[in-house]
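First comes the structure, then the notes that go with it.
Bear in mind that the values in this text are calculations on the coordinates, not laboratory data. Everything numeric here is computed off the predicted structure, so don't read it as measured data. Using ideal geometry, Cβ is built from the backbone for each residue, glycine included, and neighbour counts are taken over all protein chains shown.
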Amino acid sequence: MTSKRVAIVTGATSGIGLAVAGRLAAGGHAVYLSARTGDDVKSTVENLREEGLEVDGTACDVRVPGDIDTLVRKATERYGPIDVLVNNAGRSGGGVTADLTDELWNDMLATNLTSVFLTTRAVLNAGGMRHKSWGRIINIASTAGKQGVVLAAPYSATKHGVVGFTKSLGNELGPTGITVNAVCPGYVETPMAQRVRQGYAAAWSTTEDQILTKFQAKIPLGRYSTTEEVAGMVEYLASDIAGSITAQALNVCGGLGNF
């Protein structure tokens, strides 16, 4: 148990999730993190502990309800009731919609959308959040959750779902002191972003560099956002000063989306 506020961060061994876990821990939270691969979790925990941060974690495939239950139980046993949940785990995917397989569609739903519901429900119940007078649920969505993205129908559909879930639950929990918000990154330089560029380069018979140039040209700031910039928004939403912000989907996108 700890006197610190306790945060769970899923998908926290690379990209945005890793930046969020590090920033929350540096800000005084006890962070319990997860990812699919146990070795990645172990090395991430070790690296963050070397920085003097209070972190622990376990492997969790968010597509598996039993794994989610185990994650929340272990986090609560280790640190106590959960104060902050960051639903970050997710995947990219798409292609020509007429050619998409059932397997891809269903995996996208399970990874990006159903997992957000299941993890949130587990944290509210087994994690004890619903019995507290203060809590923060922060879902990592996307600007693709507000507009359609070509060759990414499953991704856009799941991220629209995350935004809708966020707004509904935020209104529902408003009177309780628990806020629920979504952070909507645009183009962020992560391992997933590189895979996305590879996919578009293959689909459009061009190079990854040309795809990068094309994407950067759509961003008013002219560059991708950083993982730390996204993590900064999460840190703010997890703070006391953001107590009046709920049921919102906030962009961190360099002006790519202005809605």
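Starting with the fewest neighbours, write out GLU50, GLU208 ranked by other beta-carbon atoms found within 10 Å of each beta-carbon.
Values: GLU50 8, GLU208 15.
Lowest to highest Cβ neighbour count: GLU50, GLU208.
7 Å from Cα along Cα→Cβ at both THR2 and HIS131: what's the point-to-point distance in nm?
2.1 nm
Net charge near LEU169: determine it from the other residues with C-beta under 15 Å of the C-beta of LEU169, scoring Lys and Arg +1 and Asp and Glu -1. Mind showing how you got there, number by number?
On the way: positive: ARG121, ARG130, ARG136, LYS167; negative: GLU172.
Summing Lys/Arg as +1 and Asp/Glu as -1 gives +3.
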